[in-house]
Amino acid sequence: MSVEANVSAQSLCCIFGESGSGKTSLARVVAGLEGGWTGRVLSQGQTWQDSEKNILVPAHERRVGFVFQGAELFTHMSVSKNLDFAERCGAGRVGQPNRLDLVKTFELDGVLRRLPHEISGGERQRAAIAQTLLAAPTMLVMDEPMASMSKAMKDGLIPFIRRSRGSFSGPILYITHSEAELEALADSVLLLSDGRSQIFDSVTQFFAHDRVK
């Protein structure tokens with residue numbers, strides 16, 4: 001797969017493509033979790049990978065935060081304790097958001113004392129996003145976080161994903177093969193197809209291209 005793209009900071013870029021097109025693999029390469037690729041990865045003025053110059057910054061120094069389909073919360077800990085853990089991980093890091101602001105933004109006040117299995121799937125995803133942001137990542141990757149949800153649950157979660165942009169100063173990569181999610185969320189679109197990539201600066205530009213095809 002050949003990819004060339006620039007993503008603006010403080011924006012949400014949808015990585016769009018069919019299953020097997022390499023969306024998750026690309027995100028893992030950016031995060032430093034998958035080797036064997038050549039090229040350059042730059043983030044906010046820092047070179048994370050440059051195969052020609054033999055530069056490879058390890059994953060723990062890149063600090064890319066992931067939100068997956070199944071909310072990655074500690075099952076034996078309450079929502080509040082999950083947030084406690086993330087807050088300690090991000091302590092002292094530049095850009096760590098205020099915990100109380102996140103609880104308010106993602107409407108978690110009513111579930112803080114509950115265990116993950118005691119709350120809805122949408123609430124778990126909201127808690128997972130808040131948890132990831134509290135760890136103060138440099139970049140946020142959402143890997144099809146709504147893939148297993150009903151339409152009603154997706155409709156309920158979309159406003160909260162939009163709000164994550166206001167709580168985070170870095171870029172957000174949102175992986176999906178859903179045109180509805182792309183239309184609702186994307187600032188820009190990175191299309192992966194047939195081993196190649198194409199970047200679109202807006203959703204309007206992407207759908208205009210799609211219709212031409």
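The values are calculated or read from the model by the stated rules, or taken from the named source; none is laboratory data. Please read all numbers here as calculations on a predicted model, not as lab measurements. Neighbour counts run over all protein chains shown; Cβ positions are idealised from the backbone, glycine included. The protein model used for the area step is the full one, side chains on, heavy atoms only, and it has no ligands, DNA or RNA in it. Shrake-Rupley method; radii C 1.70, N 1.55, O 1.52, S 1.80 Å.
Residues in segment 1-35 that are small (Gly, Ala, Ser), touching a residue at least 40 places away in the same chain (Cβ under 8 Å) and loosely packed, with under 13 Cβ neighbours inside 10 Å: how many?
First, pick out the residues of segment 1-35 that are small (Gly, Ala, Ser): 2, 5, 8-9, 11, 17, 19-22, 25, 27, 31-32, 35.
Filter once more, so that each one left must be touching a residue at least 40 places away in the same chain (Cβ under 8 Å): 2, 5, 8-9, 11, 17, 19, 21-22, 27, 31.
After this cut, where a residue has to be loosely packed, with under 13 Cβ neighbours inside 10 Å as well, the list is 2, 8, 19.
Residues meeting the conditions: 3.
Name the single residue, out of those in segment 41-87 being of a type in the set (A, V, I, L, M), assigned to a loop (DSSP other than H, G, I, E, B) and under 17 Å from the mean Cα position of the chain (by Cα), that is modelled with the lowest pLDDT.
Narrowing segment 41-87 to residues of a type in the set (A, V, I, L, M): 41-42, 55-57, 59, 64, 67, 71, 73, 77, 79, 83, 86.
Now narrow it down to the ones that are assigned to a loop (DSSP other than H, G, I, E, B): 57, 71, 73, 77.
Subset that is under 17 Å from the mean Cα position of the chain (by Cα): 71, 73.
Values: Ala71: 70, Leu73: 91.
Checked segment 41-87; the qualifying residue modelled with the lowest pLDDT is Ala71.
List pairs: first residue in segment 41-63 and exposed (fewer than 10 other Cβ atoms within 10 Å of the Cβ), second residue of a type in the set (S, T, N, Q) anywhere in the structure, Cβ distance under 9 angstrom, at least six positions apart or on different chains.
Glu52/Thr38; Lys53/Thr47
Under the condition of being charged (D, E, K, R) and within 25 Å of Ala127 (Cβ to Cβ), which residue from segment 155-213 is surrounded by the fewest Cβ atoms within 10 Å (Cβ to Cβ)? Walk me through how you get there before you give the answer.
Pass one, segment 155-213, residues charged (D, E, K, R): 155, 162-163, 165, 179, 181, 183, 187, 194, 196, 201, 210-211, 213.
When the remaining residues are screened for being within 25 Å of Ala127 (Cβ to Cβ), the result is 155, 162-163, 165, 181, 187.
Working: Asp155: 14, Arg162: 12, Arg163: 16, Arg165: 16, Glu181: 23, Asp187: 18.
The residue in question is Arg162.
Restricting to segment 81-90, what's the tally of residues that are open to solvent by less than 30 Å² (accessible area, probe 1.4 Å) and farther than 8 Å from Leu134 by Cα?
Quick first cut of segment 81-90, residues open to solvent by less than 30 Å² (accessible area, probe 1.4 Å) only: 82-83, 86, 90.
Filter once more, so that each one left must be farther than 8 Å from Leu134 by Cα: 82.
Adding up the residues that qualify gives 1.
Restricting attention to segment 125-136, does a residue exist that is of a type outside the set (D, E, K, R) and either surrounded by fewer than 21 Cβ atoms within 10 Å (Cβ to Cβ) or outside any helix (DSSP H, G or I) (or both)? It would help to see each step written out before you state the result.
Here is the first cut: in segment 125-136, the ones of a type outside the set (D, E, K, R) are 125, 127-136.
After this cut, where a residue has to be either surrounded by fewer than 21 Cβ atoms within 10 Å (Cβ to Cβ) or outside any helix (DSSP H, G or I) (or both) as well, the list is 135-136.
Within segment 125-136, one or more residues are of a type outside the set (D, E, K, R) and either surrounded by fewer than 21 Cβ atoms within 10 Å (Cβ to Cβ) or outside any helix (DSSP H, G or I) (or both).
Go over the candidates Ala128, Ala135 one by one and state the one that is touching a residue at least 60 places away in the same chain (Cβ under 8 Å), hydrophobic (A, V, I, L, M, F, W, C) and farther than 26 Å from Gly45 by Cβ.
Working: Ala135 fails: farther than 26 Å from Gly45 by Cβ.
Exactly one residue qualifies, and that residue is Ala128.
Picking from Arg93, Arg99, Arg113, which residue would you name as being over 20 Å from Phe168 (Cβ atoms) and either charged (D, E, K, R) or open to solvent by 30 Å² or more (accessible area, probe 1.4 Å) (or both)? Can you show your working first?
Values: Arg93 fails: over 20 Å from Phe168 (Cβ atoms); Arg99 fails: over 20 Å from Phe168 (Cβ atoms).
On inspection, the qualifying residue turns out to be Arg113.
With respect to Thr38, is the statement that it is part of a strand (DSSP E or B) and loosely packed, with under 15 Cβ neighbours inside 10 Å true? Even if it seems obvious, please write down each step before you answer.
Working: part of a strand (DSSP E or B): no; loosely packed, with under 15 Cβ neighbours inside 10 Å: yes.
Judged against the criteria, Thr38 is not a match.
All but one of (1) more than 22 Å from Glu61 (Cα to Cα); (2) assigned to a helix (DSSP H, G or I) hold for Met146; which doesn't?
Here Met146 meets the rest and fails (2).
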